[in-house]
1. Exactly one of these conditions fails for K174: (1) among the basic types (K, R); (2) part of a helix (DSSP H, G or I); (3) in contact (Cβ under 8 Å) with a residue 24 or more places away in the chain. Give me its number.
2. List pairs: first residue in the range 95-112 and under 15 Å from L199 (Cα atoms) and touching a residue at least 24 places away in the same chain (Cβ under 8 Å), second residue in a loop (DSSP other than H, G, I, E, B) and among the polar types (S, T, N, Q) anywhere in the structure, Cβ distance under 6 angstrom, at least six positions apart or on different chains.
3. Just for helices (runs of 4 or more DSSP H) wholly inside the range 64-106: which have at least 3 residues that are loosely packed, with under 15 Cβ neighbours inside 10 Å and not aliphatic (A, V, I, L, M)?
4. Go through the range 183-196 and count every residue that is surrounded by 15 or more Cβ atoms within 10 Å (Cβ to Cβ) and closer than 19 Å to A55 by Cα.
5. What are the residues in the range 107-137 that are loosely packed, with under 14 Cβ neighbours inside 10 Å, under 28 Å from the mean Cα position of the chain (by Cα) and of a type in the set (D, E), if any?
6. For the range 181-197, state whether one or more residues are more than 23 Å from E84 (Cβ to Cβ) and in contact with a Phe, Trp or Tyr (Cβ under 7 Å, 6 or more places away or on another chain).
7. I want to confirm something. Restricting to the range 148-186 and keeping residues that are hydroxyl-bearing (S, T, Y) and over 17 Å from F118 (Cβ atoms), which single residue is modelled with the highest pLDDT?
8. Of (1) among the polar types (S, T, N, Q); (2) touching a residue at least 12 places away in the same chain (Cβ under 8 Å); (3) closer than 17 Å to M293 by Cα, N267 satisfies all except one. Which?
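The values are calculated or read from the model by the stated rules, or taken from the named source; none is laboratory data. Computed from a predicted structure; not experimentally measured. FYI the Cβ positions are ideal-geometry reconstructions off the backbone, even for glycines, and counts take in every protein chain you see.
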Amino acid sequence: MLSRRNVRIKVMQMLYSMSRDNKLGLNEVVSHYHVNIQKSFELYLFCLLSLMRIAAYSKQDAAKKSAKLLPSEEDKQFTAKLAENALMLSLVKNEGLELQFKKHKLTYKFDNDNIRLFYTDFAKTEEYREYVMQENSSDEDHRNILLALFKHLLSNESYDEFLEDNYSNWIDDKSLIVGAIKKTIKALPAEQGFYEEYLPSAEAVDEFGEKLLRQVCESGEELLGLIEPTLRNWDADRVAVIDMILLKMALCELMSFPSIPTKVTLNEFVEISKLYSTDKSKDFINGILDRLMKQLHKEGRIQKTGRGLQE
């Protein structure tokens, strides 16, 4: 589930933490890094469980409607099929998924009032009313309404706050999690162990991310020595903290990861600077890295392997 960009961002955040707190040691930072990586998977599970809990509230809605003294025709036709369709039941009855929820202690993080409000808000939509009134709904109808529910939740500011209150990484991982949840819904009914696809891979987390984090920490002075001569009229102390971290990370990646093309490294760090640094950072990062790449190529310090990676 985690892309290399997500991993780069988490490494950047750990390096920033170190720059703000000189008491943090390398091993402690690496430990925090792995905790943050796991939080992304946990957030995916949390979003999936929230969707399941909100859908399950339709059973309480059905009970209330059937208990009315004077139910309307719409009340009489109402069923809890949002919760009881085969696609949703494939999640509810998935033993492995339930164990994951318990392992991460997610079942205790839900307030029934929040679930009720999210469901009630969605229940007002025309999409949901039309779905409920359908006599025979297909798997595609169930799939589409679950996608509509998730889309509706994402547009709800209260849901956004609910996720951020429980997971501070929601802002950074939002696009990643949204894509994973949509992919999960589209693949329903769920097979046992389907969630394993979204576990962080050792290649991305350890072989790339942890290696990058350790090398930047251990080679900080050497990297600064390469960067300073390219700053021209800038003093290194005046460079934004995030920009300097990104430059050091990019240098490490250029010299220590032969399978990653130089253009990819340049583009990735420019894009990250747009998200996390100043308005002028993208041009600054681009310019400095361009100079450094030319210098390092000339010195033979960038060695790329694989077809098309020597540029």
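1. In the conditions (1) among the basic types (K, R); (2) part of a helix (DSSP H, G or I); (3) in contact (Cβ under 8 Å) with a residue 24 or more places away in the chain, K174 misses (3) alone.
2. Note: pairs meeting the criteria are G96/Q192; F101/T107.
3. Working: elements: 73-77, 81-84, 86-92, 95-103.
Once the helices (runs of 4 or more DSSP H) in the range 64-106 are filtered for at least 3 residues that are loosely packed, with under 15 Cβ neighbours inside 10 Å and not aliphatic (A, V, I, L, M), what remains is 73-77, 95-103.
4. Taking the range 183-196 as the starting set, the residues that turn out to be surrounded by 15 or more Cβ atoms within 10 Å (Cβ to Cβ) are 184-185, 188-190, 194-195.
In the following step, the residues that additionally are closer than 19 Å to A55 by Cα were identified as 184-185, 188-190.
Number satisfying all stated conditions: 5.
5. Within the range 107-137, D111, D113 meet the criteria.
6. Within the range 181-197, the subset more than 23 Å from E84 (Cβ to Cβ) is 183, 193, 196-197.
Filter once more, keeping what is in contact with a Phe, Trp or Tyr (Cβ under 7 Å, 6 or more places away or on another chain): none.
No.
7. Filtering the range 148-186 for residues hydroxyl-bearing (S, T, Y) gives 155, 158-159, 167-168, 175, 184.
Checking which are over 17 Å from F118 (Cβ atoms) leaves us with 168, 175, 184.
Details: S168: 93, S175: 93, T184: 98.
Only one residue tops the list, namely T184.
8. (2)
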